[in-house]
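In what follows, a single structure is set out as structure tokens and then discussed.
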Amino acid sequence: RKEVEQDPGPFNVPEGATVAFNCTYSNSASQSFFWYRQDCRKEPKLLMSVYSSGNEDGRFTAQLNRASQYISLLIRDSKLSDSATYLCVVVSGAGKSTFGDGTTLTVKP
Amino acid sequence: GAVVSQHPSWVICKSGTSVKIECRSLDFQATTMFWYRQFPKQSLMLMATSNEGSKATYEQGVEKDKFLINHASLTLSTLTVTSAHPEDSSFYICSARDQSGVYEQYFGPGTRLTVT
């Protein structure tokens, strides 16, 4: 079993839709969590950190569920520009970052 | 803030030659830098972790004598692909983490290497 697993995707949604991605992790001692976005042939860019209390940034909401060991990313009112691959990152207590394989989102007109 | 640069952004070289890629943190001091490789439509693969002033830690299956990493200062790490072969053609991306204790990584724009 991989340390970090993401919904395989791809997700194809119309503009304006709400879409959610989940990411599960196996190390219960993990301490930090992030969502990154990667566009085709570009480097990953930090989207947001994830906290137990939830974290909202405009149309994006990230949530952490420590009991079930998963993090989620919710995108509301999808835009064409949201099309990308979304990577979850889990950081262990020792500071090692593990990336998920990514979930591809395509928003269509 | 938190800008990481990489140079060159793309390089084409002949089989058997060596290529050096530089990764710089421009506005912060990076105690730890990471080197990744990504093949088309595949996920990021961590190659090695480098800490300033010490030897890099390589992931399993990554040849340390082929991929030489030097992290001589808090703002610069280099990756040298020695005796490159066509199968080394890939997208190489570095990232850096600062000293604050927060674990975000900031990525460079990547280097696209093509070995002919």
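The values are calculated or read from the model by the stated rules, or taken from the named source; none is laboratory data. Here the structure is a predicted model, which means the values were calculated and not measured. Reconstructed Cβ throughout: ideal geometry from the backbone, glycine too, with neighbour counts over all protein chains shown. Keep in mind that these areas ignore ligands, DNA and RNA; they rest on the heavy atoms of the full protein, side chains included. Shrake-Rupley method; radii C 1.70, N 1.55, O 1.52, S 1.80 Å.
Observations, loosely collected:
- Heavy-atom accessible area per residue - the protein assembly as shown, 1.4 Å, Å²: 49 Å²
- Normalised size of the range A:1-81, defined as Cα radius of gyration per 2.2 N^0.38 Å with N residues, equals 1.12.
- Rel. contact order, % - alpha carbon contacts under 8 angstrom, at least six apart, the range B:1-96: 35 percent
- Residue-level accessible surface for residue B:3, protein heavy atoms, 1.4 Å, Å²: 70 Å²
- Pairwise burial A:B, computed as accessible area of each alone minus the pair, summed, 1.4 Å, Å²: 1400 Å²
- Exposed-site-free run, longest, chain B (rule: trypsin sites (Lys or Arg not before Pro); DSSP loop; at most 12 other C-beta within 10 Å): B:56-116
- The mean sequence distance of close C-alpha pairs (under 8 Å, at least 6 residues apart), as a share of the length of the range B:30-79, puts its relative contact order at 31 percent.
- In the range B:71-116, the residues that give up 20 Å² or more of accessible area when the other protein chains are added, compared with the chain on its own (1.4 Å probe), are B:91, B:97, B:103, B:104, B:105, B:107, B:109, B:112.
- Contour excess over end-to-end distance, with Cα ends at residue B:5 and residue B:42 and 0.36 nm allotted per residue: 11.0 nm
- Percent accessible area from carbon and sulfur atoms, chain A, protein chains only, probe 1.4 Å: 48 percent
- Most to least packed among A:51-64, B:76-89 [average Cβ atoms within 10 Å]: B:76-89, A:51-64
- A simple charge model with +1 on the Cβ of Lys and Arg, -1 on the Cβ of Asp and Glu and nothing else charged puts the dipole of the range A:1-60 at about 160 debye relative to its Cα centre.
- Carbon + sulfur, % of accessible area of chain B - ligands and nucleic acids excluded, 1.4 Å: 51 percent
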